[in-house]
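Report on one structure; see the data block that follows.
Laboratory data are not the source of any read-out in this text; all were calculated from the coordinates shown. Values in this document were obtained by computation on a predicted structure and should not be read as measured data. Glycine gets a Cβ as well: all are built from the backbone with ideal geometry, and neighbour counts include every protein chain shown.
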C-alpha cells in the first residue's frame, strides 16, 4: 500500500502551485492513471512519490509518503548518463535467465540484451522495453510508470495493456494513450490548472475512464443548471425586493406632516424589515453553487484554405535498403503519395520508421512547389532549447509576428512565463505544441510527423486528431497511437524487413 498525505508542491521559479493538500491511497491491485494537460506537474508528482530529491532543485514540497513497499520507477526519458552503457552492462548484474518470459513478451532476445550495443543508440521503443524489463527483474511491490507506452509499437502496446490489467501489483502511471487508459485504468487522478494556471485541482475517481468522463460531464452540467437556476430565482426575488423597497422609500419621502408621528414610525419599521430581507437574500447568495470550472483543452486548427490537387505527386520514392550503420533494417521500400493523402506508418520498434521518415524529410524539405514541415521524435533535433518560444516562433521578432505567436500560444494554454522562459525547461507536451504551432504558422501543406500525439493529454489528443483529420494537405506520419491511426489516416502501412505492407490491421 502507498499512502499520500497532505501533499503540496509548488514551482520555485514562479511560485505556481501544482499540488495543493492532496491525499490519496493506492490500494492493492489498483491501476491508477494520472492525467492532465501538458505542464501540469504529472511527472513531478510521480518523481516526488518515488524520491523527493528528484524534484528538490525546482520544487518546494510538503507532505508525507507512507509505505513499506518496494517502489520501482520508470522515467519518461532514459537518463543521459546511461546512453554510453551497453546492454550487457545494463543487464549484467541481474538474473536475466530467470525472466525469459518477460523478455520474450517484450520482444527482447538474449543475444540482444547481452550485446555491446549502447543504450543511447536504441530506438525510443527499445529504450522503454529494456528499462521496463530491468525494473520487473527487481520484483518490486509497486510500479510507478511515467508514459510507459511512449514509443512502444502496436504489438508491445497490447502486451503492456495485458500486463497492467493482469498484474497483481498496484500500478500508478501517467499516460496520454486514451486506448490504454480506457482498457486498463481503475482509478483516475486528474490534475488541472484553473483560472489561467493560478489555481490547481486534483480530482480522484475510482472508476473506468469513460465512466469518469461521463460522470464529469453530467456532474458539471447539473452543477451549471443548479447554479443558473439559483441565480435566476435570486434575480426574481431581488426585483420584487427592489419594487417593495422603492415603494416604501417613496412613501417615506412623501408622508405628510400630520402623519409623521404614527405612520412615520410604521414606515421606519417597514423599511427595517425590507432591509433585513435584502440582507437575508444577500446571505443566501453566498451559499450558491459556483459555476463549474474545468481546464479547457487546447484550441488550434490549420488554415482551412490549405489544399493540394488530388493528382499532384507529393512523393514517389524507392529505397533498395534502409540501414543504420552496418545494420540493414528493411529492403525494397517504395512509397507513393499524392494529393491530400493521410498516410500512417507503423511497425515494430527498431524497424526503422523514424529513420525512414527522416529520409523522406531530406527528399521534401527543399521542394519549392510545396511547403513541408517536420516533427521529429526527438524534439531537440528541431527546437533550439536555449531560445524562448517567442524567439523561436517569431524569428524576425517583428511586432506583428510576436503578437501572432502570443495569440496562438495563448490558444495552446501557455502562460506568459512559459512563453518567455527557455524551451528546454518546458515539458515534452509543451515542446510538441511549439512544433505544432510552427507548422500552423508556416502554412505548411505537407506534414511529416513522428509520433505526433504521444505527448498530448487525453483532453488535447482529440483536438489534435480532429485538426489533423481535417487538414487539407498531405500527412506522412509514424505512429503507434491506435486512435490516431483510425481517425486521421486513410492508409496505414507496416514497415517490415521486406518493405512497406499496405492496409495494416490496427486491431
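Tabulated values for the structure
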read-out	value
Residue-span extension gain [residue 336 to residue 8] - 0.36 nm each, minus C-alpha spacing	112.7 nm
Modelled FRET efficiency - R0 35 Å, residue 503 with residue 114, Cβ distances, 0.05 increments	0.40
Helix 209-253 vs. the chain, principal-axis angle (Cα, 0 to 90°, nearest 10)	20
Additional length obtainable on full extension of the chain from residue 20 to residue 56, 0.36 nm per residue less Cα span	11.3 nm
Ascending count of other beta-carbon atoms within 10 Å, so fewest first, for 416, 176	416, 176
Nitroxide proxy distance, nm - points 7 Å out along Cα→Cβ at residue 249 and residue 487	5.5
Which labelled figure in (i) 1.24; (ii) 1.13; (iii) 0.97 is Cα Rg over 2.2 N^0.38 Å, once derived from the coordinates	(i)
Ascending count of other beta-carbon atoms within 10 Å, so fewest first, for 448, 441, 275, 468	275, 441, 468, 448
Projected label distance in nm at residue 234 and residue 402, using a 7 Å step from Cα toward the beta-carbon	4.2
Cα long-axis angle, helix 399-411 against the chain (0 to 90 degrees, to the nearest 10)	80
Linear extension gain, residue 182 paired with residue 366, 0.36 nm per residue minus alpha-carbon span	62.1 nm
Acute angle (nearest 10 degrees) that the helix 262-286 long axis makes with the longest principal axis of the chain, alpha-carbon atoms	10
R0 of 45 Å, Cβ-Cβ distance residue 281-residue 214: FRET efficiency to nearest 0.05	0.80
Which of 447, 500 has the fewest Cβ neighbours within 10 Å, and the rest in rising order	500, 447
